[in-house]
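Structure record follows, encoded as C-alpha cells.
The values are calculated or read from the model by the stated rules, or taken from the named source; none is laboratory data. Because the structure is a prediction, the values reported are computed rather than measured. Positions of Cβ are generated from backbone atoms using ideal geometry, with glycine treated the same way; all protein chains shown enter the neighbour counts. Heavy atoms of the whole protein, side chains included, go into the accessibility calculation; ligands, DNA and RNA do not. Shrake-Rupley method; radii C 1.70, N 1.55, O 1.52, S 1.80 Å.
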Amino acid sequence: MTDRSTSPDVAATPFDAWLTSDAEVADLLRAEAGRQSTTLQLIASENFTSTAVLAATGSVLTNKYSEGYPGRRYYGGNRIIDEVEELARERAKALFGAEHANVQPHAGANANLAAYQALLEPGDTILAMRLDQGGHLTHGSPASITSKIWRFVAYGVTPASDDPARPGEVIDFDEVADVAKRERPKLIVAGATAYPRLIEPEPFREIADSVGAKLMFDIAHPAGLVAGGAHPNPVAVADVVTFTTHKTLRGPRGGAILCRAELAKAIDSAVFPGLQGGPLEHVIAAKAVAFGEAALPSFRQYAAAVVANARALARGLAAEGFRLVSGGTDNHLILIDLRTFDEELTGKEAQEVLDRSGITLNRNTIPDDQRSAFVTSGLRLGTAAQTTAGMGEPEMAEIAALIGLALRERTDEGVLETVRHSVRALCDRFPPYPGLSGLGAGPVGAAGGRGS
Ligand SMILES: *Cc1c(COP(=O)(O)O)cnc(C)c1O
C-alpha cells in the first residue's frame, strides 16, 4: 500500500466531506493530495488546476450521454449540455483567436489522431519531429498506432554548440526543408514534448506551402503560454492546432482542436464518430472554466512568471554544473544533460534519487543520447505547477541548489534526508490548495487563493 506517513491533513477535492462512503478511495485521494502538496512537482506537463476546475470535473455532468454536437445530439435531454459545450467552444475560439474549436477530445493523443484522420488518408506521409529530440509518441513512435496508419519521416535539431551567439540544439529548418522536398509529406507537424525553446510557426508554413503540405501545430505543452502571450500563437498560420488542456493551460486532463471554418466539419466528424463515443461533458465544463481563467489578465502574469521562473531555474542549474540542452530555455521547460555533471549518472538514477528527496521530475532523452529511452542521459523539468502554487525566482534558485546537492551526494542518505526536509519546508510555504487544507473543508470559492 501507499506510504501515507508523511501525508498532512489535506482534502483532495472541493467536495471532500462528501466522499464518506468509500474509505479506501478517500484515503488514497487524500494521500495523493498530501504527496502533491509536500513534494515539488517539476514534471513539465503537469499543473495544479483551480478548485473551480476540480469542482466542474467532479460534477453531475458526468451522468449525461451527449453523442454528437450542440444542436445535433443523438440523445434527448441535452439542452443544458449544449449550452455548456457551446460555452467551452466559444471561450476556446476567443482565447486563441480561432474560427472553430472542437473541445471533445479526451486527451492530447486523441486530438492528434483525429486531426490526422481529418487531414489524411491511411498511408499518407507525415513529417514530424524526431522522438528522441523532442517529438511526441503520436508523432510517429513505432509503438504508437499513428505509425501503423501513416508513414512518418522526421526532422531534428542542429548539433550542440558552444557559441552563445549561435545556439545549437534548435530546430533544424534546413533539414525540415530538405526532408520535405525529398519525401513530399501531405502533413507537417510542428510542436514537441521536450523542447525548451519557442517555436515560430512561419518557417514551417513556408516549407509546407513549398511542397503543398498542410501544417498542424501541436501546442500540447505551451498552450497556456500561447494563451498568456508568452509563446507565438500559431492559430492564424497553421491549418490545424491541437493541444492539451492540462499542461501549462492549467485545466482538466483533456484535449482540444482549433481550425479554420472550412475544416470544421472534417475535424468534428473525425473526433465523433471517427474516434470517440460520448464526450466527457463534466470535463468539457471544466475546460470552459479553464479557458475563462486563461482569458483573465492574471493569467498573462502567470504565463510570464512561468517563463521567468524557468529562466531562473536554468541559471541555477547551470551554476550547479549541469549542461542545459540548447543552452537554456525560453518557455516553461528545461532539458538537462547530465553527462557534464557526472558521466556515470543516468537519467533513470537521477530521477530515482530526486524522487526519494521529494523532487518529482522525469528522465528524458537528450539529442543524440547514447543511452536507451528507458535509461537516458537527461532530465526534463518544468515550472508551470510550482509557479501556480506561488513560487518565484528565489525559490527556483533554492530548488536548483537542492537538485545539485542531492545528485552530487546521492549515496549519502543523511544528505538526502536534509534535502527532503528543505523540500518539505519549501512546499509548506506554498500550498497548492490553501483553500482545501483541513479535512472536511466544504466547497470553496472559484479560484480560491491561487498564487500568481
Ligand atoms: C502531452 C502531449 C500530447 C498528448 O497528450 P495526452 O493528453 O497525454 O494524450 C501530444 N502531443 C504533445 C506534443 C504532448 O506533449
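Of the residues examined, L335 is not one that is assigned by TED's automatic domain parsing to the domain that holds Y302 and over 24 Å from the mean Cα position of the chain (by Cα).
Is it the case that E86 is among the acidic types (D, E) and under 24 Å from the mean Cα position of the chain (by Cα)?
On the way: among the acidic types (D, E): yes; under 24 Å from the mean Cα position of the chain (by Cα): no.
No: the conditions fail for E86.
Among the listed residues D174, D209, D178, identify the single one that is acidic (D, E) and touching a Leu at 6+ places or on another chain (Cβ under 9 Å). Working first, answer last.
Values: D174 fails: touching a Leu at 6+ places or on another chain (Cβ under 9 Å); D178 fails: touching a Leu at 6+ places or on another chain (Cβ under 9 Å).
Result: D209 is the single residue among D174, D209, D178 that is acidic (D, E) and touching a Leu at 6+ places or on another chain (Cβ under 9 Å).
Quick check on the range 350-361. Is at least one of its residues at pLDDT 95 or above, among the charged types (D, E, K, R) and closer than 17 Å to P159 by Cα? No, because not a single residue in the range 350-361 is at pLDDT 95 or above, among the charged types (D, E, K, R) and closer than 17 Å to P159 by Cα.
Among the residues of the range 201-215, none qualifies, meaning not one is closer than 27 Å to H246 by Cα, in a loop (DSSP other than H, G, I, E, B) and in the same structural domain as T245 (by TED's automatic domain parsing).
Taking the condition of being in a loop (DSSP other than H, G, I, E, B), surrounded by fewer than 24 Cβ atoms within 10 Å (Cβ to Cβ) and away from the ligand (no atom under 16 Å from the Cβ), how many residues in the range 178-197 meet it? It would help to see each step written out before you state the result.
Narrowing the range 178-197 to residues in a loop (DSSP other than H, G, I, E, B): 184-186, 191-197.
Now narrow it down to the ones that are surrounded by fewer than 24 Cβ atoms within 10 Å (Cβ to Cβ): 184, 186, 193, 197.
So of that shortlist, the ones also away from the ligand (no atom under 16 Å from the Cβ) come out as 184, 186.
Residues in the range 178-197 being in a loop (DSSP other than H, G, I, E, B), surrounded by fewer than 24 Cβ atoms within 10 Å (Cβ to Cβ) and away from the ligand (no atom under 16 Å from the Cβ): 2 in total.
Taken together, the residues in the range 141-162 that are closer than 12 Å to I188 by Cα and either in contact with a Lys or Arg (Cβ under 9 Å, 6 or more places away or on another chain) or outside any strand (DSSP E or B) (or both) amount to 3. Filter the range 90-109 down to the residues that are within 13 Å of the ligand (Cβ to nearest atom), surrounded by fewer than 24 Cβ atoms within 10 Å (Cβ to Cβ) and farther than 28 Å from L379 by Cβ and list them by number. Of everything in the range 90-109, just one residue is within 13 Å of the ligand (Cβ to nearest atom), surrounded by fewer than 24 Cβ atoms within 10 Å (Cβ to Cβ) and farther than 28 Å from L379 by Cβ, namely H106. Examine the range 139-159 for a residue that is touching a residue at least 60 places away in the same chain (Cβ under 8 Å), farther than 17 Å from T242 by Cβ and surrounded by 16 or more Cβ atoms within 10 Å (Cβ to Cβ), and state whether such a residue exists. Yes, the range 139-159 contains at least one residue that is touching a residue at least 60 places away in the same chain (Cβ under 8 Å), farther than 17 Å from T242 by Cβ and surrounded by 16 or more Cβ atoms within 10 Å (Cβ to Cβ). Condition test on T49, is it under 27 Å from Y195 (Cβ atoms) and β-branched (V, I, T)? Yes, satisfied.
Out of everything in the range 20-36 that is farther than 23 Å from V289 by Cα and crowded, with 17+ Cβ neighbours inside 10 Å, what residue ends up being nearest to the ligand (Cβ to nearest atom)? Steps first, answer last, please.
We begin by selecting, within the range 20-36, every residue farther than 23 Å from V289 by Cα; these are 20-28, 30-32, 34-35.
Now restrict to residues that are crowded, with 17+ Cβ neighbours inside 10 Å: 26, 30-31, 34-35.
Numbers: A26: 26, R30: 25, A31: 23, G34: 24, R35: 20 Å.
So, considering only residues that are farther than 23 Å from V289 by Cα and crowded, with 17+ Cβ neighbours inside 10 Å, the one nearest to the ligand (Cβ to nearest atom) is R35.
Count of the range 130-177 residues, restricted to those that are of a type in the set (G, A, S) and within 16 Å of the ligand (Cβ to nearest atom), is 9. Would you mind stating whether I126 is within 16 Å of the ligand (Cβ to nearest atom), under 23 Å from the mean Cα position of the chain (by Cα), farther than 29 Å from A303 by Cβ and of a type in the set (A, V, I, L, M, F, W, C)? So I126 passes the test.
Which residue, of A389, A373, A406, is in contact with a Leu (Cβ under 9 Å, 6 or more places away or on another chain) and open to solvent by less than 20 Å² (accessible area, probe 1.4 Å)?
After ruling out the rest, the residue left standing is A406.
Tell me which residues, restricted to the range 160-172, are open to solvent by 30 Å² or more (accessible area, probe 1.4 Å) and at pLDDT 95 or above. Steps first, answer last, please.
Of the range 160-172, the ones open to solvent by 30 Å² or more (accessible area, probe 1.4 Å) are 160-167, 170, 172.
Residues satisfying the conditions are V170, D172.
Total residues in the range 409-436 satisfying the condition of being outside any helix (DSSP H, G or I), within 28 Å of R30 (Cα to Cα) and open to solvent by 60 Å² or more (accessible area, probe 1.4 Å): the figure is 0.
Residues of the range 198-219 that are open to solvent by 50 Å² or more (accessible area, probe 1.4 Å) and in contact with a strand residue (DSSP E or B) (Cβ under 8 Å, 6 or more places away or on another chain): K214 alone.
Looking across the range 236-246, the residues that are more than 10 Å from the ligand (Cβ to nearest atom) and open to solvent by 10 Å² or more (accessible area, probe 1.4 Å) come down to A236, V237, D239.
Assess whether G140 counts as being closer than 18 Å to P234 by Cβ and under 19 Å from the mean Cα position of the chain (by Cα).
On the way: closer than 18 Å to P234 by Cβ: no; under 19 Å from the mean Cα position of the chain (by Cα): yes.
The answer is no for G140.
Within the range 98-111, residues that are under 19 Å from V84 (Cβ atoms) and part of a strand (DSSP E or B) reach partners that are within 14 Å of the ligand (Cβ to nearest atom) and among the β-branched types (V, I, T) with beta carbons closer than 6 Å, at six or more positions or on different chains, in the pairs N102/I257; N102/V271. L61 passes every criterion in (1) within 30 Å of R420 (Cα to Cα); (2) surrounded by fewer than 23 Cβ atoms within 10 Å (Cβ to Cβ); (3) not polar (S, T, N, Q) apart from (1).
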